[in-house]
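Trainee: Take a look at this one; I'll ask things after.
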Amino acid sequence: METQMADVTIHIDETMNSAKLEGVRDKLLAETGVMAASFHKEKPHLMIVEYDPDKNNSGNLLKAVTKQGVHAELIGL
């Protein structure tokens, strides 16, 4: 069976330094089914997360961010 892939953009409300953003990204990468998570250097408040929708969902990924004390929301749904 072929792996499904979906992506979601998470808008991070706070302005954070690179180390904090990398920490948020690393936590997302540790979530079940997450294949990639990245932010653009010029728009660091937008993080794109690619994941397997059979193993996780966008709501859980948002919770993984907000559990770190970061204010965020899903965009582009």
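Bear in mind these aren't lab numbers, they're just calculated from the coordinates by the rules spelled out. Remember, it's a predicted structure, so these values are computed and weren't measured experimentally.
Trainee: Sum -39500 (n - 2.57) across every DSSP H segment of at least 4 residues in the chain, then divide by the residue count to get the 222 nm mean residue ellipticity, nearest 500. Intermediate results must be reported in sequence, preceding the final value.
Mentor: Values: 2 runs with 21 residues, N = 77.
Counting only the DSSP helices, I get -8000 deg cm²/dmol.
Trainee: If the cut-off is a Cα-Cα distance under 21 Å, which lysines reach LYS67, setting aside same-chain residues fewer than 8 apart in sequence?
Mentor: The qualifying lysines are LYS20, LYS27, LYS55.
Trainee: Short version: what are the Cα gyration tensor semi-axes of the range 1-43, square root of 5 times each eigenvalue, largest first, in whole Å?
Mentor: Working: eigenvalues 106, 27, 13 Å².
For the range 1-43, the ellipsoid semi-axes come out as 23, 12, 8 Å.
Trainee: Once amide H atoms are built 1.01 Å from N in the peptide plane, which residues 5 or more positions from ALA36, or in another chain, come under 5 Å H to H?
Mentor: Long-range HN contacts for ALA36: GLU50.
Trainee: With an 8 Å Cα cut-off and a minimum separation of 6 or more residues, compute the relative contact order for the chain in percent.
Mentor: Numbers: 121 pairs, mean separation 33.5, N = 77.
About 43 percent, as a whole number.
Trainee: Work out Dmax and Rg for the range 35-77 from the C-alpha atoms and quote the Rg first, both in angstrom.
Mentor: 10.7, 32
Trainee: Over all alpha-carbon pairs in the chain, figure out the percentage whose distance exceeds 21 Å. Before the final figure, lay out each step's value.
Mentor: Numbers: 531 of 2926 pairs.
Distances greater than 21 Å cover 18 percent of the Cα pairs.
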